[in-house]
Structures are given as C-alpha cells and as structure tokens.
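S.K.: What follows is a structure written as structure tokens; I'll ask about it next.
The values are calculated or read from the model by the stated rules, or taken from the named source; none is laboratory data. Computed from a prediction, not measured in an experiment: that's the story for all the values here. As a convention, Cβ positions derive from the backbone with ideal geometry for all residues, glycine included, and neighbour counts pool all protein chains shown. Heads up: the accessible areas ignore ligands, DNA and RNA and are worked out on the full protein's heavy atoms, side chains in. Shrake-Rupley method; radii C 1.70, N 1.55, O 1.52, S 1.80 Å.
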Amino acid sequence: PSPIIKVVHLPSPPLSPSPFTLCIFANMGKAFLAFLLISSTWAVIDAIGTKQNITVRGQLKCKNKNVGDTLVELWDKELKKDDLLKSFTTSSDGHFFIVGHETQISKIHPYIRVKHSCGAKPDCTRVTEIHIDQMWIGKQKDLAFINLEKGDSQDSDAKVVNKDECPVKG
C-alpha cells in the first residue's frame, strides 16, 4: 500500500509594510493635513475678511497724444508680494475702466501700474505707478488725464511715481 500524503496549507504570515510604504503614507497624511490647514485658513479669511472693490478710470496721454492699446494693471500693495487685482488694455484713444476685487481682513492699498516707453531712456521701459487713496475703496476713482511722460495726473490727490527699468549691461 502507498503511504498517504496529506497536504496542509498553512496561512501565510501577514505582510508587514516596508519602511518605504510607511514613509509614503506618513507624508501623504502630512500633505493632507497641510491641505486642510491651508483650506481652512482661506475659509476663515473669507469668512471674517471683507470683500473690497475699487473702480478706476482715466485716459493715458504722452506728449498730449492718446496712448492706446496699452496694458493697465490694478494692484493691491502688500508687505511681501503685491496682488494683481485686474488688468485692462486701453482703447485706441487711451481710455481705461478697470474694476478690481479683493477679500482680506485689512484695507486694500490700490495702485495702477502702466509699462510704456513715453519719456523713457533709450532701450528702457518706463513704469508709471499711480497710488490711490484708500478713501476710494468701494467707489469709482476718476484719474482724468494721466501724463505718462511727466508722471502726473490732473487728479491732485493721486501719488504718481515714474521709474525706468533698463536692461543690465555687462
């Protein structure tokens, strides 16, 4: 007679995760927690912050000529990095009308930035910044005519700053 061989299947031991697998799950957990923290922070700012807006209009001039098809940007001045609220390209006769919004706890510090060549040194770009008083938040500010060459506006309470950005030679 033949011997009877009985095959017994033993359960395999449970797989233990490798240190690499544990590291991935730990980092995913940290990333998820960071995502939740950032999301909830923005939600709190939106909840307790105030949605602020400003409308600015005007007309760009250079040597008494209209400056059309020029990019006008509306910014909010911040401590580290300024926020672009809105951009607009002027009409062919230099007019612009721009509305920007921002939700934050403190008041916005709006200003207009225009890059152009009017009155700039050769091979340079002139940047004109027009800082707008906070009293205009929630209202419309009419800057009237903005003389890009001289860096002034018909509006007496607008602070206008001109600076040239030139390529570094060397």
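S.K.: Please determine, by comparing only the residues of the stretch 71-110 that are in a strand (DSSP E or B) and of a type in the set (A, V, I, L, M), which one is nearest to the chain's Cα centre (by Cα).
M.R.: Per the criteria, the residue is Leu84.
S.K.: Given the condition under 22 Å from Glu165 (Cα atoms) and surrounded by 16 or more Cβ atoms within 10 Å (Cβ to Cβ), answer yes or no: does some residue in the stretch 46-57 qualify?
M.R.: no
S.K.: Give the residue, chosen from Val114, Val161, Val127, Val168, that is free of Cβ contacts under 8 Å to residues at least 60 places away in the same chain, open to solvent by 50 Å² or more (accessible area, probe 1.4 Å) and in contact with a strand residue (DSSP E or B) (Cβ under 8 Å, 6 or more places away or on another chain).
M.R.: Val161
S.K.: Consider Asp83 against the criteria (1) surrounded by fewer than 19 Cβ atoms within 10 Å (Cβ to Cβ); (2) in contact with a strand residue (DSSP E or B) (Cβ under 6 Å, 6 or more places away or on another chain); (3) over 26 Å from Pro167 (Cα atoms): it satisfies all of them except one. Which criterion is unmet?
M.R.: With respect to (1) surrounded by fewer than 19 Cβ atoms within 10 Å (Cβ to Cβ); (2) in contact with a strand residue (DSSP E or B) (Cβ under 6 Å, 6 or more places away or on another chain); (3) over 26 Å from Pro167 (Cα atoms), Asp83 is out only on (3).
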